[in-house]
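Structure first, commentary second.
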DNA sequence: GTAAGCACTTAACAAAAGGTAAGTACTATA
DNA sequence: TATAGTACTTACCTTTTGTTAAGTGCTTAC
């Protein structure tokens, strides 16, 4: 967690637009409702299509197929075909997907912190309201 | 031989679904095309509406107004009204928005790394193609 | 007085994203 | 023979997201 840009108080406009550009690039690659969830679901090991759909929950076959195609094209996911009696297709993360480690860790940490914050403020509001 | 269900290295299924939940929470709060960009634009200091629109670039007034309303409701942004000869309205980040520091740093770092990777692979492809 | 800036809102519309349900083609099981 | 599972694709439709262009009410500058 090295601080690339220490700009808590005042960030120069150039640093700001550099950040804007960089985060824009990141969002272009891994933004959207499903991409990060698919990557997280694959972190525990390679999975087949229906397995993946079940473990993510709430994603349709159409969306999953489209997202997987995109993730493969962009080098995050590797698709392997096992020609056997039932042809089995397995999806796994590539090494490149590993570079997202910090992003995923930061998001997960912030997300659970945020959930706790929301829960607390809901309790507080309840006490005030009733 | 096929290690289809071995959790490669570090993640158990329970940790996986915890991550899925946490990242889902994070995406719910700060997902979408604009929220993080607005927050980054405000990191360099408080800004007024049109200023913000110009510094982000590509966002319409309607979208900006809607996103700002949402960010204010969720405690990331503070809206201050200065009643003067021209009424001036200023948007600034709250302290809570500061908790996103690690997320923003990780995303910016990964985004610029990714941009370099893409640029390199494009150069390589150009050499092969032409 | 006309234009322009501020901070938006509204209407009308277009594009993107995503869902449902059905279909495809194959195999395995009862 | 019928049913179910695997890995999708396709057509159709709805929802979400966003854009443009115009308008509002107020103020300052030319």
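Cβ-Cβ distances below 8 Å connect the following pairs, each with a first residue in the stretch A:80-92 that is more than 13 Å from chain B (Cβ to nearest Cβ), a second residue that is within 16 Å of DNA strand C (Cβ to nearest atom), and a separation of six or more residues or different chains: A:87/A:81. With the condition kept exactly as written, say whether any residue in the stretch B:54-68 is facing chain A (nearest Cβ under 9 Å) and within 13 Å of DNA strand C (Cβ to nearest atom). Yes, that holds for at least one residue.
Can you confirm whether residue A:109 is touching a strand residue (DSSP E or B) at 6+ places or on another chain (Cβ under 6 Å), farther than 30 Å from residue B:53 by Cβ, more than 16 Å from DNA strand C (Cβ to nearest atom) and within 10 Å of chain B (Cβ to nearest Cβ)? No; evaluated as a whole, the condition is false for this residue. Looking at B:125, B:102 in this structure, which one is under 25 Å from residue A:14 (Cβ atoms), without any contact (Cβ under 8 Å) to a residue 60 or more places away in the chain and part of a helix (DSSP H, G or I)? B:102 is the lone residue from the list that is under 25 Å from residue A:14 (Cβ atoms), without any contact (Cβ under 8 Å) to a residue 60 or more places away in the chain and part of a helix (DSSP H, G or I).
Do we find that residue B:76 is within 14 Å of chain A (Cβ to nearest Cβ), without any contact (Cβ under 8 Å) to a residue 60 or more places away in the chain, within 16 Å of DNA strand D (Cβ to nearest atom) and touching a strand residue (DSSP E or B) at 6+ places or on another chain (Cβ under 9 Å) in this structure? Spelling it out, residue B:76 is indeed within 14 Å of chain A (Cβ to nearest Cβ), without any contact (Cβ under 8 Å) to a residue 60 or more places away in the chain, within 16 Å of DNA strand D (Cβ to nearest atom) and touching a strand residue (DSSP E or B) at 6+ places or on another chain (Cβ under 9 Å).
Entry remark, the stretch B:98-116: residues being surrounded by 15 or more Cβ atoms within 10 Å (Cβ to Cβ) and farther than 16 Å from residue A:20 by Cα number 1 in total. Among the residues of the stretch A:54-61, is there at least one that is assigned by TED's automatic domain parsing to the domain that holds residue A:41 and touching a strand residue (DSSP E or B) at 6+ places or on another chain (Cβ under 7 Å)? Yes, some residue in the stretch A:54-61 is assigned by TED's automatic domain parsing to the domain that holds residue A:41 and touching a strand residue (DSSP E or B) at 6+ places or on another chain (Cβ under 7 Å).
The values are calculated or read from the model by the stated rules, or taken from the named source; none is laboratory data. Treat the numbers as computed from the prediction; the structure is a model and nothing was measured. Glycine also receives a Cβ, built like all others from the backbone with ideal geometry; neighbour counts cover every protein chain displayed.
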